[in-house]
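Engineer: Have a look at the structure that comes next, please.
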Amino acid sequence: MVDKPMIGMVILLNAIAAGVLYQRFHDHPQVQLLESRVLEVYHKLLPPKTPDRCGALKWPSYVLISDRVVFPDGVRPGAVFVEGSKIVAVSENVTVDNPHVMNFKNAVISPGVIDVHIHLNEPGRLDWEGITNGTRAAATGGVTTVIDMPLNSDPVTTDRTQLEAKKKLARAKAFTNVGFWAGLVPGNAANHTRLEELVAGGALGFKSFMCNSGINDFPNVESADIAAALPFLKRRGVPFFVHAEVVTQVESDPSADPTRYTTYMATRPPKFEQDAIRLLVQLLDADTSPAAPGFSVHIAHLADADSLEIIRGAQSRGHPLTVETCAHYLTFSSEDIPDKQTQYKCAPPIRDATNKQMLIKALASGAINLVSSDHSPAPASLKEVESGNFLRAWGGISGVQYLLPATWTALREAGVDLLGLARLLSEAPARLAGCSSRKGRVAPGYDADLVVWEPEERANTSVALNMHTHKLSPYTDAPLYGKVLVTVVGGELTSLFGRINKQPCGQVVLGGDA
Ligand SMILES: [Zn+2]
């Protein structure tokens, strides 16, 4: 039986709460504590299931206004009209006739950040990270879509059953949108039927390692495996994401102190990256099968800036190579990494300050396509926190929450503006993931994935606001610019001043015809 007076009361309370929230937003977008309290009260008032919306705002349609909206062709004052999960219209006229308007004044409305490289580690390694905490952290940092790697979950994502299991988990738990890369390993590289099953199931493309991945169930590919898979990847028009390092014997000093970062760095020289990229180019040279749009060999986490010359050479001969670097390569340099601080360990390693400046320049010039976080945490014991032994520590940096501020802080000094940033963090990643017709832009018809942020304000990098499962991160207390106020995922208000909506509202992002 439906209790009519009860419904009336609920509607009234909703209206009051919405009104209060609206008023607060409108007048003082920065009053963090007050906003949180209002939202808390608002949540308590709302009975589950009654409203249509999953996010903290229950209005079916609303308008976001700001003096600085990052449109695809420039930054201007504007209004963004959201209905359901979509942006239905945009306008440069900010006088809007709609009862539900949030005016963010000088704060920026950008397309939500798309992080194409993250390890959620679920199922199987919830003690490393998980969909809940990983995507809560992402949303807190203005990331609206993450693409999950086929490892270090257990099982890894190398067949359709495993992909379906991940989709199911994400639908139940994700606070951001989540897509999936499938694994390309020696066991499936030549089996185009199995690869096809993964694409048909919605995998956005494939990931391989050219060196030991550290995960026994995810062995690295050899040249023959790549050669066997290339015709399929090209015909299917999906990206081939590669951890490009070929590990060979290096001179090393057995007496070198393993708690010093330079000791670890010497074990993975730039030559490993350069050899791997050269080998990939040779394989592309050798394969003459036709390539559909969407195919590229995508170099994951490029650390060595000198490798760009090889990439440029191949691109000039028509090869579809794309390349990403990570926020940590733009933020830190090897000279500054203290002894024993294994939270800085990743592969390829963070290199020196000159290299860092070259990477930043390459992003500014367009020679590098995009930036990801390669968020890959592990428990403190695996990070060898106590011993500080860089050689034994698990490689992987925790940082999806800081992708936006870290990238912005590095790039703004090189003259990259808000539009340039949106291209590197939203538009190009959407293109790589094959969803650029609906994500990565503030434009009519696009998904309402948005971040409202203050580029001139300091980001909160305190441990207290770190939402990752493990708080160990090189970004802790880093002086980064870019304070995220609000994150909207598919029209749902998901993060508000560091507070996360109670319900997960993320959607699964599927490839082309799935
Ligand atoms: Zn990775």
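The values are calculated or read from the model by the stated rules, or taken from the named source; none is laboratory data. Source: prediction; values computed, not measured. Positions of Cβ are generated from backbone atoms using ideal geometry, with glycine treated the same way; all protein chains shown enter the neighbour counts. Just the protein is used for accessible areas: all its heavy atoms, side chains included, with ligands, DNA and RNA removed. Shrake-Rupley method; radii C 1.70, N 1.55, O 1.52, S 1.80 Å.
Engineer: Given the chain, what percent of its DSSP beta bridges are antiparallel, to the nearest 5?
Structural biologist: Percent antiparallel among DSSP bridges in the chain is about 50.
Engineer: Per q in 0.15, 0.18 Å⁻¹, report the Debye log10 I(q)/I(0) for the stretch 300-415, using one uniform scatterer on each alpha carbon and no solvent.
Structural biologist: So the normalised log intensities work out to -0.67, -0.91.
Engineer: Which lysines have a Cα lying under 20 Å from the Cα of residue 271, excluding residues fewer than 8 positions away in the same chain?
Structural biologist: 345, 356
Engineer: Also: Spin-label point model (7 Å from Cα, Cβ direction): what's the residue 471 to residue 92 distance in nm?
Structural biologist: About 4.8 nm separates the two model spin labels.
Engineer: Also, I was wondering about something else. Using amide H atoms built 1.01 Å from N in the peptide plane, name the residues 5+ places from residue 76, or on other chains, whose amide H lies under 5 Å from its own.
Structural biologist: 69, 71
Engineer: Step through the table entries 173/439; 167/383; 166/483, compare each Cα-Cα distance with 25 Å, and write down the pairs that go over it. Please report the intermediate quantities before stating the final value.
Structural biologist: Values: 173/439 21 Å; 167/383 29 Å; 166/483 31 Å.
Among 173/439; 167/383; 166/483, the Cα-Cα distance tops 25 Å for 167/383; 166/483.
Engineer: Starting from the amide H of residue 301, placed 1.01 Å from N in the peptide plane, find each other amide H under 5 Å away whose residue is 5 or more places distant or on another chain.
Structural biologist: For residue 301, the qualifying residues are 324.
Engineer: Cut-off 20 Å, label point 7 angstrom out along Cα-to-Cβ of residue 365: give me the residues of the stretch 394-436 whose amide nitrogen falls inside.
Structural biologist: Within reach of a label on residue 365, which here means backbone N under 20 Å from a point 7 Å along Cα→Cβ, the stretch 394-436 contributes 410-417, 420-421, 423-425.
Engineer: While we're here: Which value, in Å³ per residue, describes the convex hull spanned by the Cα atoms of the chain?
Structural biologist: Value for the chain: 143 Å³ per residue.
Engineer: Turning to a different aspect of this structure: Using the Kirkwood radius built from alpha carbon pairs, what does the Stokes-Einstein equation give as D for the stretch 128-218 at 20 °C and 1.002 mPa s, in µm² per second?
Structural biologist: This corresponds to a translational diffusion coefficient of 158 µm²/s.
Engineer: Computed over the Cα atoms of the stretch 99-252, what is the ratio Rg over Rh, Rh following Kirkwood?
Structural biologist: Result: Rg/Rh = 1.06.
Engineer: Compute, for residue 358, the solvent-accessible surface of its heavy atoms (probe 1.4 Å) with the complete set of protein chains present, and express it in square angstrom to the nearest 10.
Structural biologist: 80 Å²
Engineer: With respect to the cross-link table entries 340/361; 105/471; 58/502, which display a Cα-Cα separation exceeding 23 Å?
Structural biologist: Too far apart for the 23 Å limit: 340/361; 105/471.
Engineer: Any idea what Rg and Dmax come out to for the stretch 211-281 if you just take the C-alpha atoms, in Å?
Structural biologist: Cα radius of gyration and Dmax of the stretch 211-281 are 15.5, 50 Å respectively.
Engineer: Oh, and also: If packing is taken as the average count of other Cβ atoms within 10 Å, what order do 326-337, 94-105, 479-490 fall into, highest mean first?
Structural biologist: Listed from highest to lowest mean packing, they are 479-490, 326-337, 94-105.
Engineer: Less than 10 Å Cβ to Cβ from residue 455, Lys/Arg counted +1 and Asp/Glu -1: what total charge do the surrounding residues give? Don't skip to the end; give the middle numbers.
Structural biologist: Values: positive: 68, 412, 483; negative: 417, 454, 456, 457.
Overall, the nearby charge balance is -1.
Engineer: Under the Kirkwood approximation applied to all pairs of distinct alpha-carbon atoms, what is the hydrodynamic radius of the stretch 382-514 in Å?
Structural biologist: 16.8 Å
Engineer: Dipole of the chain (Lys/Arg Cβ +1, Asp/Glu Cβ -1, origin at the Cα centre): which of 373, 267, 468 lies farthest to the positive side?
Structural biologist: 468
Engineer: If I ignore ligands, DNA and RNA and count only protein heavy atoms, how much of residue 376 is accessible to a 1.4 Å probe, in Å² to the nearest 10?
Structural biologist: Near enough 10 Å² of accessible area.
Engineer: In cubic angstrom, how much convex hull volume per residue do the alpha carbon atoms of the stretch 318-376 span?
Structural biologist: 89 Å³
Engineer: Pick out, from 74, 387, 219, the residue whose Cα sits farthest towards the positive end of the charge dipole of the chain, with +1 on the Cβ of Lys and Arg and -1 on the Cβ of Asp and Glu.
Structural biologist: 74
Engineer: Based on the Kirkwood radius over alpha-carbon pairs, what is the Stokes-Einstein translational diffusion coefficient of the stretch 417-481 at 4 °C with 1.567 mPa s viscosity, in µm²/s? Numbers along the way, then the final one.
Structural biologist: On the way: Rh = 14.0 Å.
Diffusion coefficient, whole number: 92 µm²/s.
Engineer: Under a 1.4 angstrom probe, counting protein chains only, how are 409, 144, 248 ranked by accessible area, largest first?
Structural biologist: The most accessible residue leads, giving 248, 409, 144.
Engineer: For the stretch 67-216, what is the percent of antiparallel DSSP beta bridges, rounded to the nearest 5?
Structural biologist: Taking every DSSP beta bridge within the stretch 67-216, about 40 percent pair in antiparallel fashion.
Engineer: For the stretch 116-172, give the magnitude of the charge dipole about the Cα centre (Cβ charges: +1 Lys/Arg, -1 Asp/Glu; no others), in debye to the nearest 20.
Structural biologist: Dipole size: approximately 220 debye.
Engineer: Rounded to the nearest 500, what is the chain's calculated 222 nm mean residue ellipticity when only DSSP H runs of at least 4 contribute -39500 (n - 2.57) each, over all residues?
Structural biologist: Only helices count here, giving -9500 deg cm²/dmol.
Engineer: Have a look at the stretch 454-514 and give its Rg and Dmax from the Cα atoms, expressed in angstrom.
Structural biologist: Gyration radius and largest Cα-Cα distance of the stretch 454-514: 14.6, 43 Å.
Engineer: Given the options 169, 87, 201, identify the residue whose Cα lies farthest towards the positive end of the charge dipole of the chain (+1 on Cβ of Lys, Arg; -1 on Cβ of Asp, Glu).
Structural biologist: 87
Engineer: Which log10 I(q)/I(0) values does the stretch 121-166 give at q = 0.24, 0.27, 0.30 Å⁻¹ under the Debye formula, counting every alpha carbon as one identical point scatterer?
Structural biologist: Debye curve over Cα of the stretch 121-166, log10 I(q)/I(0) at q = 0.24, 0.27, 0.30 Å⁻¹: -0.85, -0.97, -1.07.
Engineer: How many Å² of accessible area per residue for the chain, probe 1.4 Å?
Structural biologist: 38 Å²
Engineer: Check the cysteines of the chain one by one and keep only those with no other cysteine Cβ under 4.7 Å from their own.
Structural biologist: Result for the chain is 211, 326, 346, 435, no neighbouring Cys Cβ within the cutoff.
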